[in-house]
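Chemist: Before I ask anything, here is the structure I am working with.
The values are calculated or read from the model by the stated rules, or taken from the named source; none is laboratory data. Keep in mind that this is a model prediction, so the values were computed, not measured. Every residue, glycine as well, gets a Cβ built from its backbone with ideal geometry; the counts of neighbours run over all protein chains shown. Keep in mind that these areas ignore ligands, DNA and RNA; they rest on the heavy atoms of the full protein, side chains included. Shrake-Rupley method; radii C 1.70, N 1.55, O 1.52, S 1.80 Å.
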Amino acid sequence: MAESTTQQRLLMGWDKPELDLTNAQWQSSSRGLGDVQIAFVEGFIAMRNSGSPQSPSLIFTPAEWGAFVSGAREGEFDLT
């Protein structure tokens, strides 16, 4: 991805750039049956509600994503 797609505006206490998700290739969770979509953008993972794609997306670093998925597999999160 091009460097220009990322705005380097960092928020106080927020160590991630504001990503431009306009052209992100969203993938549905649960083989298309779930309400969550994810996209891999510039080394980060974005997650959004497929029923409200205009709503803000959650942005994860790879380490945060790994912890989230691990917790979900252990039943720590209800993804339904």
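Chemist: Go through Trp26, Trp14, Trp65 for me and flag whichever is modelled with pLDDT under 85 and aromatic (Phe, Trp, Tyr). Steps first, answer last, please.
Modeler: Values: Trp26 fails: modelled with pLDDT under 85; Trp65 fails: modelled with pLDDT under 85.
Result: Trp14 is the single residue among Trp26, Trp14, Trp65 that is modelled with pLDDT under 85 and aromatic (Phe, Trp, Tyr).
Chemist: Which residues, taken from region 29-39, are open to solvent by 50 Å² or more (accessible area, probe 1.4 Å) and at pLDDT 80 or above?
Modeler: Matches in region 29-39: Asp35 only.
Chemist: Starting from region 17-28, keep only residues that are within 17 Å of Gly51 (Cβ to Cβ), then list their pairs with residues that are in a loop (DSSP other than H, G, I, E, B) and open to solvent by 50 Å² or more (accessible area, probe 1.4 Å) whose Cβ atoms are within a distance under 8 Å, requiring at least 6 positions of separation or different chains.
Modeler: The qualifying pairs are Trp26/Pro53.
Chemist: How many residues are in contact with a helix residue (DSSP H, G or I) (Cβ under 9 Å, 6 or more places away or on another chain), assigned to a loop (DSSP other than H, G, I, E, B) and surrounded by 11 or more Cβ atoms within 10 Å (Cβ to Cβ) if we restrict to region 40-78?
Modeler: Going through region 40-78 one residue at a time, the tally reaches 3.
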